[in-house]
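The structure appears right after this line, and notes come after that.
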Amino acid sequence: MARDRDGVLREARDILSQSEDLERKAGLAVQLHDADLAYHEAAERLSAAYDAALDGGWSPAQLGELGLSRPRHPEAIGKRPTRIARRR
C-alpha cells in the first residue's frame, strides 16, 4: 500500500527533528565533559598550590585563617554514575 505524500513528509520531519535533538544532546555532552575536565584540572592545581604552601612553611591553621582549606579531590572523570544510572 502506497503512503500518501503528507505522511511521508510528516515522517521525514519527525526524523529530522530527532536528528536535531541528538545533535543538541551530543553537543551538550561534549560541553559537560569539557567543563568537568576543566574543573578537575583546576582542583589539581589548587591542591598542588595548597601542598606547596604547606611545604613552604605555612600551617593548615594559618591557611585556614586566610580562608583556605585543603581542596577536596573530585571523583575521576568516568567514575561517577551517569544521570540515567542515578535515577534507578
Q) Using only Cα atoms, what is the ratio of the radius of gyration of the range 32-78 to 2.2 N^0.38 Å? A) 1.32
Q) Taking the Cβ of Pro71 as the center, what net charge do the other residues with Cβ under 11 Å away carry, scoring Lys and Arg +1 and Asp and Glu -1? A) +1
Q | Accessible surface, the range 1-63, averaged per residue in Å² (probe 1.4 Å) | A | 82 Å²
Q | Stokes-Einstein D (µm²/s) once Rh is taken as the Kirkwood radius of the range 1-65 over alpha-carbon pairs, at 25 °C in 0.890 mPa s | A | 148 µm²/s
Q) How many nm is it between the label spots at Gln62 and Ala48, if each spot is 7 Å from the Cα in line with the beta carbon? A) 2.3 nm
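The values are calculated or read from the model by the stated rules, or taken from the named source; none is laboratory data. What you see is a predicted model; the values in this text were computed from it and never measured. Here Cβ is always computed from backbone atoms with ideal geometry, including for glycine, and neighbour counts include all displayed protein chains. For the accessible areas, the whole protein counts, side chains as well, though only heavy atoms, and no ligand, DNA or RNA atoms are used. Shrake-Rupley method; radii C 1.70, N 1.55, O 1.52, S 1.80 Å.
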